[in-house]
Amino acid sequence: MSRTTDRRGGRDGSPRVVVVDDSPFMRGLIGDLLSDAGVAVVGEAGDGEEALSVVAETRPDVVTMDVEMPGMGGLEAVERLMEETPTPVLMLSAHTDEGAEVTFEALDRGAVDFFAKPGGEVSTGVSRESERLVEAVRSVAGADLDAATRERDDPSAAASRSSESGGDAGAGAADVDGPLTVVIAASTGGPNAVERVLSALPMADCRVVVVQHMPEAFTSRFADRLDAASAYDVREASDGARIGAGEVLVARGGSHTLIDSYRSGRLRVKLDEDDDSHTVTPAADVTMRSAAEVIDDPLVGVVLTGMGSDAAEGIRAMADAGARTLAQSEDTCVIYGMPKRAVETGGVDAVYDLDDVAGAIVGGEA
């Protein structure tokens with residue numbers, strides 16, 4: 001039976017949300033946390049089939065979707081929603097390796113972002129991170145759903161456009177004077193965006209560090225996905241790890257990744273788990289600032305889709321150090337937050353549509 005309600009009215013301008021979870025307790029808890037923050041919960045559902053009906057009736061701005069549910073689970077529900085009533089979806093997933101795997105599948109099927117439930121007692125964990133949950137809901141509600149789903153099943157299109165724009169391996173190698181180090185920052189909408197960039201990035205003489213806002217249980221799986229999708233050797237960062245040309249490190253969740261040294265075209269990183277001065281971990285600002293301080297060879301900073309201001313200070317530092325700096329265009333961003341703040345610093349040389357970013361990285365254009 002479909003359940004809709006207007007008893008939790010939101011404040012002016014707040015998103016309208018449908019909460020989907022097979023646990024009545026969790027639905028009540030999540031609904032209370034959101035409504036206490038002024039978010040309007042306009043409906044609830046206990047499984048995917050019911051969610052389709054409630055969403056069609058209430059037309060919310062965002063859906064919070066549990067992954068594991070009897071009957072129609074979260075994955076099928078997301079796919080059906082995108083076909084029948086396209087609505088931004090925030091997945092609620094377990095903070096485990098298995099949770100990471102199914103969450104990436106949900107993103108592939110059209111979900112915008114995810115909220116990783118903390119370990120231990122679920123009710124305690126969710127309540128403790130209520131601010132993060134509310135922020136995620138507001139972020140997803142403001143997402144560009146067209147950008148989130150555009151060509152997600154056809155990554156070859158990105159490679160084709162990159163080649164057309166001059167991003168082939170020969171052109172990249174010719175235009176870059178010496179080894180090229182690339183630092184890529186992303187948040188909401190980032191997993192698919194980063195994958196599209198790396199899958200289209202030619203195997204020029206470059207090494208890449210990716211900083212994607214993501215919990216520790218997810219970054220290793222993310223690195224595996226990027227490794228399978230690109231020609232690069234991709235792995236999760238570890239303390240003291242070194243990479244050279246043709247290799248990529250994904251910043252580990254729960255710590256900051258700093259460029260520690262750079263010699264003979266190989267860079268070494270160190271992890272910092274003690275710096276709690278940033279609102280996100282890993283923080284792109286940390287990685288970008290360290291790259292600006294350490295690397296003398298050609299350097300490129302890239303800011304992709306995401307909410308918040310992380311990477312703004314970092315991209316400014318890279319620009320001041322002589323790096324080329326790029327940002328994703330508003331029209332192709334799921335959330336035009338991080339790129340917007342980066343551009344506002346005056347530290348971004350050029351803005352590109354997502355499928356032109358790979359060619360711009362190695363093309364040497366600004």
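The values are calculated or read from the model by the stated rules, or taken from the named source; none is laboratory data. Quick caveat: nothing in here was measured; it's all calculated off a predicted structure. Positions of Cβ are backbone-derived with ideal geometry, glycine not excepted, and every protein chain shown enters the neighbour counts.
Do we have LEU107 as crowded, with 19+ Cβ neighbours inside 10 Å, under 16 Å from ALA147 (Cα atoms) and of a type outside the set (Lys, Arg) here?
yes
Being of a type outside the set (S, T, N, Q), surrounded by 24 or more Cβ atoms within 10 Å (Cβ to Cβ), at pLDDT below 85 and not in a loop (DSSP other than H, G, I, E, B) narrows it down to one of ALA157, ALA148, so name that one.
Residue meeting the stated conditions: ALA148.
It is to be established whether one or more residues within segment 273-281 are in contact with a strand residue (DSSP E or B) (Cβ under 9 Å, 6 or more places away or on another chain), closer than 16 Å to VAL209 by Cα, not assigned by TED's automatic domain parsing to the domain that holds LEU90 and not aromatic (Phe, Trp, Tyr).
Within segment 273-281 (the criterion being in contact with a strand residue (DSSP E or B) (Cβ under 9 Å, 6 or more places away or on another chain), closer than 16 Å to VAL209 by Cα, not assigned by TED's automatic domain parsing to the domain that holds LEU90 and not aromatic (Phe, Trp, Tyr)), the answer is yes, since at least one residue qualifies.
Among the candidates VAL63, VAL122, which residue alone is at pLDDT below 90, closer than 17 Å to VAL19 by Cα and among the β-branched types (Val, Ile, Thr)?
Checking each option against the conditions leaves just VAL122.
Could you tell me how many of the residues in segment 199-238 are in contact (Cβ under 8 Å) with a residue 12 or more places away in the chain, outside any loop (DSSP other than H, G, I, E, B) and of a type in the set (Gly, Ala, Ser)?
Count: 6.
Where the second residue is hydrophobic (A, V, I, L, M, F, W, C) and surrounded by fewer than 21 Cβ atoms within 10 Å (Cβ to Cβ) and the first is in contact (Cβ under 8 Å) with a residue 12 or more places away in the chain and lies in segment 47-71, which pairs have Cβ atoms under 6 Å and are six or more apart or on separate chains?
ASP47/MET72; GLY48/MET72; GLU49/MET72; ASP61/ALA141; VAL62/ALA141; VAL67/VAL102
Taking strands (runs of 3 or more DSSP E) that fall entirely within segment 29-115, which contain at least 3 residues that are within 22 Å of ASP224 (Cβ to Cβ), outside the structural domain of SER220 (by TED's automatic domain parsing) and of a type outside the set (Phe, Trp, Tyr)?
Those strands (runs of 3 or more DSSP E) span 89-94.
Does any residue of segment 280-290 turn out to be within 27 Å of TYR352 (Cα to Cα) and basic (Lys, Arg)?
Yes, segment 280-290 has at least one match.
Condition test on THR305, is it touching a residue at least 40 places away in the same chain (Cβ under 8 Å) and under 27 Å from VAL134 (Cα atoms)?
Yes.
Among the residues of segment 206-217, is any crowded, with 24+ Cβ neighbours inside 10 Å, at pLDDT below 95 and within 25 Å of GLU98 (Cβ to Cβ)?
Taking every residue of segment 206-217 in turn, at least one turns out to be crowded, with 24+ Cβ neighbours inside 10 Å, at pLDDT below 95 and within 25 Å of GLU98 (Cβ to Cβ).
Give GLY43, GLY74, GLY48 a once-over and let me know the one that is farther than 18 Å from LEU133 by Cβ, of a type outside the set (Lys, Arg) and crowded, with 24+ Cβ neighbours inside 10 Å.
It is GLY48.
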